[in-house]
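Below is one structure, written out as structure tokens; comments come after it.
What follows draws every value from the coordinates through simple rules; no lab data is involved. Treat the numbers as computed from the prediction; the structure is a model and nothing was measured. Every residue, glycine among them, receives a Cβ derived from its backbone with ideal geometry; neighbour counts consider all protein chains shown.
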Amino acid sequence: MLIKKPDDIVPSEITDKKTYLNRRQFLQEAGLYAAAGAGSLLLPVSAQAAVTHNKNGLYKDIATGPYATNEKLTSYKDITSYNNFYEFGTQKQAPKFMAEKFVTKPWSITVEGECDKSGVYNLEDFLKPADLEERIYRLRCVEAWSMVIPWIGFPLHTMLKKFQPNSKAKYVLFETLHDPKQMPGQKRAVLDWPYVEGLRIDEAMHPLTIMAVGLYGEQLPNQNGAPLRLMAPWKYGFKNIKSIVKIHFTEKMPVSSWMKSASSEYGFYANVNPNVDHPRWSQARERRIGEDGFFSKKRKTLMFNGYGEQVASLYNGMDLSKNF
Ligand code: MTE
């Protein structure tokens with residue numbers, strides 16, 4: 001997320017040949033998808049086609065999970081070349097190149113705080129194919145652009161339950177790897193490293209929330225947060241912390257990196273909310289990366305990024321203009 005420059009340049013609108021061919025194959029395999037048009041945003045599983053797998057990808061046989069949208073997918077190229085990952089530079093084009101050699105194997109996750117099964121876990125333990133699902137979710141960035149991404153992942157609650165959080169676990173804090181040798185962006189004080197984010201425990205346990213380990217049927221590219229990153233699709237992109245090495249159950253609301261950096265601009269909840277402007281720009285409309293030309297009309301941003309039916313009740317009684 002760039003806090004100083006809302007009007008970033010669009011990534012290349014030109015689709016390379018490989019992406020174009022993959023996309024064509026995908027469309028051929030997905031008559032249903034093409035015909036589904038812009039109907040309801042959320043379809044039951046039965047109405048969706050399990051269509052997005054890269055047939056050669058590591059995750060080619062992963063089942064389609066619930067809650068996926070039927071919107072047109074953003075191209076693999078755009079998803080992987082227009083990124084926010086400040087550990088690898090603040091320019092959108094930087095992470096793709098700067099993260100190329102990032103080592104993500106082996107990978108362990110330290111679990112601590114208010115739970116009975118704290119310890120150090122290997123990521124491998126959570127990658128059983130039977131536990132993985134494909135879910136097509138929108139990612140909506142605070143800078144007013146969005147993408148539709150076929151994520152591969154597992155529901156976060158299946159992971160968290162294994163650690164047996166206790167009754168004091170009201171929030172979950174997540175932390176990204178801190179390794180300036182590998183992550184050159186951490187040599188600059190752009191943020192207070194390591195990147196930290198958090199969810200309230202009911203948000204973390206909500207079935208929409210996943211840990212993503214892949215996209216488009218492939219292992220998660222480094223620039224997208226390999227080997228695992230959060231995906232809570234009703235929240236602004238900055239909540240979806242990448243390359244997670246720590247999970248901490250806590251009684252107190254965590255202070256995220258962006259809250260620390262600019263608390264008047266970035267709140268803990270960060271629910272997509274077209275009615276609450278960012279202090280320096282409107283959040284009412286968004287540009288879909290790759291689809292619209294730079295001068296095309298932006299689309300209206302939906303409350304909770306379109307996932308209100310599933311998550312609005314989590315915020316009953318809260319003033320979402322104050323709890324932004
Ligand atoms: N996680 C870490 N560790 N560092 C970051 O800079 N950027 C966030 C989020 N997770 C970020 C991060 C922001 S602002 C966005 S919009 C999304 O990642 C972008 O995810 P993408 O690059 O996969 O589209």
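Listed peptides 124-136, 185-197 appear in the order 185-197, 124-136 once ranked by packing, highest mean of other Cβ atoms within 10 Å at the front.
Sequentially through the range 164-177, phi angles give Karplus couplings (6.51, -1.76, 1.60; θ = phi - 60°) of 6, x, 9, 5, 7, 7, 8, 9, 10, 9, 10, 10, 8, 3 Hz, Gly and Pro residues having no value and appearing as x. With a threshold of 25 Å on the Cα-Cα distance, the over-threshold entries among 187/239; 72/96; 105/128; 55/239; 168/239; 77/101 are 55/239.
3J(HN,Hα) along the range 200-214: 6, 4, 6, 5, 5, 8, 5, x, 6, 7, 10, 9, 8, 10, x Hz, from the Karplus curve 6.51 cos²θ - 1.76 cosθ + 1.60 with θ = phi - 60°, whole Hz, x for Gly and Pro.
Extension gain for the segment residue 168 to residue 309, taken as residue separation times 0.36 nm less the Cα-Cα distance, is 47.9 nm to one decimal. Amide H contacts of residue 235 (H built 1.01 Å from N, in plane; Pro and chain starts excluded): 272 sit under 5 Å, all sequence-distant by 5 or more or on other chains.
Quick check: the distance between the Cα centres of the range 192-225 and the range 101-179, to the nearest angstrom? Taking the Cα centre of the range 101-179 as reference, the centre of the range 192-225 is 5 Å away. Stretch residue 124-residue 316 to full length: gain in nm at 0.36 nm per residue minus the Cα-Cα span? Extra length available between residue 124 and residue 316 comes to 65.4 nm. Under a 5 Å amide H cut-off, with hydrogens placed 1.01 Å from N, residue 67 pairs with 45 among residues at least 5 apart or on other chains.
Is the range 17-315 rounded, prolate or oblate when judged by the Cα gyration tensor, a ≥ b ≥ c being the square roots of its eigenvalues, rounded requiring a/c under 1.5 and prolate requiring a/b larger than b/c?
Rounded is the answer for the range 17-315, as its axis ratio a/c remains below 1.5.
Per-residue 3J(HN,Hα) values for the range 256-262, derived from phi via the Karplus relation 6.51 cos²θ - 1.76 cosθ + 1.60 with θ = phi - 60°, read 7, 4, 6, 5, 4, 6, 7 Hz in sequence order (x marks Gly and Pro).
Between residue 284 and residue 192, the FRET efficiency estimated from the beta carbon spacing at R0 = 30 angstrom works out to 0.50.
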